[in-house]
Amino acid sequence: MEHPGQASPPDPAPAGTPAGPGGAGRDGTAHPTRTAVRARARRAGGAVLLWAALALPAVAAEALGLTEPAGPWARAAGLAVLAASAALARHRPLAAFALTAALGLATAPALFTVGHGPALAVLALLLGLRAPRARPRRRASPRRPPWAPRGSRRPAPTRPPSCWC
């Protein structure tokens, strides 16, 4: 029943279509919104570009003969480990760096190799940017100034004395 001056409610969405900003259809199934799908595709595209940037020096170093030749299975395994590192780089940067370091140590006795050194450098930068930072602990009370006497019941001076004589 409509009252004068009141608009009628909108028609419900047909079954299986998103209804409003929540994205749930009339039958209760959840549908991702376009922005969520685009954001997920953008993150995946960024991970693919990161993998290409990590894999390019390794492939180029082997093609130019700067590293010891490896079999096709070793090359494929190395590229797969770099792909896993690229996938982990956003949410688990330490694990991505550790995987790449393990790959460098598995292919040669040195940590920094011609093929995997640039990947280590890029992932070290991302680790520094994305890892949680250590922060000093907050104190409940203000700190005592260094010139205030210890254990004194008098209030600490607001500034150091002008003369120490």
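The values are calculated or read from the model by the stated rules, or taken from the named source; none is laboratory data. As the structure is a computational prediction, the values presented were derived from the model and not from experiment. As a convention, Cβ positions derive from the backbone with ideal geometry for all residues, glycine included, and neighbour counts pool all protein chains shown. Protein only, heavy atoms only, side chains kept; ligands, DNA and RNA dropped before computing areas. Shrake-Rupley method; radii C 1.70, N 1.55, O 1.52, S 1.80 Å.
Couple of notes before you dig in:
- Hits in region 74-115 - residues which are under 26 Å from ARG43 (Cα atoms), open to solvent by 60 Å² or more (accessible area, probe 1.4 Å) and not in a helix (DSSP H, G or I): ARG90, HIS91, ARG92
- Pick from region 54-73, criterion out of contact with any Asp or Glu (no Cβ under 8 Å at 6 or more places or on another chain) and open to solvent by 60 Å² or more (accessible area, probe 1.4 Å), ranking: nearest to ARG130 (Cα to Cα): LEU56
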